[in-house]
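Bear in mind that the values in this text are calculations on the coordinates, not laboratory data. Here the structure is a predicted model, which means the values were calculated and not measured. Glycine gets a Cβ as well: all are built from the backbone with ideal geometry, and neighbour counts include every protein chain shown.
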Amino acid sequence: MSSTTLFYLILAILILEFLIETVLDYLNAKSFSKPVPPELEDVYDAKEYARSQAYKKTNYNFGLLTSSFSLVVILCFLTFGGFQWVDQVVRGITDHPIGMALLFFGFIMLGSDLLMTPFSYYKTFVIEEKFGFNKTTKKLFFLDKVKGWMMLAILGGGILSVVIWFFQWAGSDFWLYAWGLIAVFTVFMNLFYSRLIVPLFNKQTPLEEGSLKEKIQAYAQKVGFELKNIFVIDGSKRSTKANAYFSGFGKEKRVTLYDTLINDLEEEEIVAVLAHEVGHYKRRHIIANLTVSLLLTGFTLFLLSLFINNPEVSKAIGVEIPSFHAALIGFGLLYSPVSQLTGLAMNYMSRQFEYQADHFAKETLAAQPLIDSLKKLSRNNLSNLTPHPAYVFMHYSHPPLVARVRRLGA
Ligand SMILES: [Zn+2]
């Protein structure tokens, strides 16, 4: 295919994806006014429900503004030779392929992040603030940003450098080596994320002795689950929204509870949330997710290897001298419909896993405390009780509350 055809294909992909997203958002917004299912009538009182409606509408409008702005920026950048301009600047600094790629991605990512910063700033300090969720200070907000950039520069830059080095050394076969590298990195991160990355952003402390810990341990023992690492994370320094998650496997497995979760829920409800997390582990969801994402990475890298040597892919984004970094961006844009489809499949799988973990909690503990905790968390997050089915199908990694409550109650 010629670079001109590819260029128009990229534009078509960007516009079509924007239109699909906008229609989905619109459908979802229209279903805000649907009646609340009888099972969920006790989630909000009238006043809180009005507040959740206002929150959803605000986010809908803001999302529309953000996505339109992003689309206009990327279309202008493509049409007016933005990538070619960055490529020229980079070539004026170095002619080393790895150095060029690092600078090229560095400029583009920093530039796009700076452009989007006013939006995330507004979201945090105006929208989340107005609805009482925000606890982040301006200092913490910018500190998080700088830390995020540094982490991306070190980890992303490191991996990109090695991948390009593989490419120079092994040609089109580089994808196999890159796959190996990314696989090792992914497994390593899965194991040590909580130890190495989380402490950069949060404070984690072992769950203190007391009745909650005793209840959790009694439950863990009952289901034959060795659980030594239960940590509490200071999520409250950023937001009032609560969460809990499971990470790692083998000896490194641990459960992390947000301090907000501990404040909001009764002990029995926290044990139910934990039982759900244990269900993910017992049903081998952690390993399944890891396996699927590794296979997907291999598939993506293999496809990349078919395109990376094609000079038309670099030219499609307006870059005159073909290179690994330009072809990588071109490929990323062309690949996006495929990643939308794989994302859809992953979300579907994830929703099935959620039902299974809920079921595990119901079997090994009880349904009612989990139902209560899910409802409380929905109320505290001003969650949408009536999402549109098409929106759920495309975007939800968890089933909507009503579906979970119905299954738990069945
Ligand atoms: Zn879950």
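General remarks:
- Highest-fluctuation residue, L200, L377, L11 considered, GNM on the chain with Cα pairs under 10 Å: L200
- The simple spin-label model puts a point 7 Å past each Cα toward its Cβ; for R407 and K213 those points are separated by 3.4 nm.
- Phi-based couplings in Hz for segment 301-312 (Karplus 6.51, -1.76, 1.60; Gly and Pro marked x): 5, 4, 4, 4, 5, 6, 9, 5, 8, 8, x, 5
- Using Cβ point charges alone (K and R +1, D and E -1), the dipole size of segment 97-195 about the Cα centre works out to roughly 460 debye.
- Rounded to 5, the percent of DSSP beta bridges in the chain classed as antiparallel: 65
- Candidate cross-link partners of K222 among the lysines, defined by an alpha-carbon separation under 20 Å and a same-chain spacing of 8 or more, comprise K213, K251, K253, K282, K362.
- Here's the list of aspartates and glutamates a cross-link from K138 could span, going by alpha-carbon distance under 14 Å and ignoring same-chain residues fewer than 8 apart: E128, E129.
- Those lysines that a straight Cα-Cα span of less than 20 Å connects to K47, excepting residues fewer than 8 apart in one chain: K34, K56, K57, K130, K241, K375, K376
- Near Q84: Cβ cut-off under 14 Å, other residues only, Lys/Arg at +1 and Asp/Glu at -1. The net charge is 0.
- If R0 equals 45 Å, the separation of the Cβ atoms of T342 and D45 corresponds to a calculated FRET efficiency of about 0.65.
- Helix 46-79 vs. the chain, principal-axis angle (Cα, 0 to 90°, nearest 10): 10
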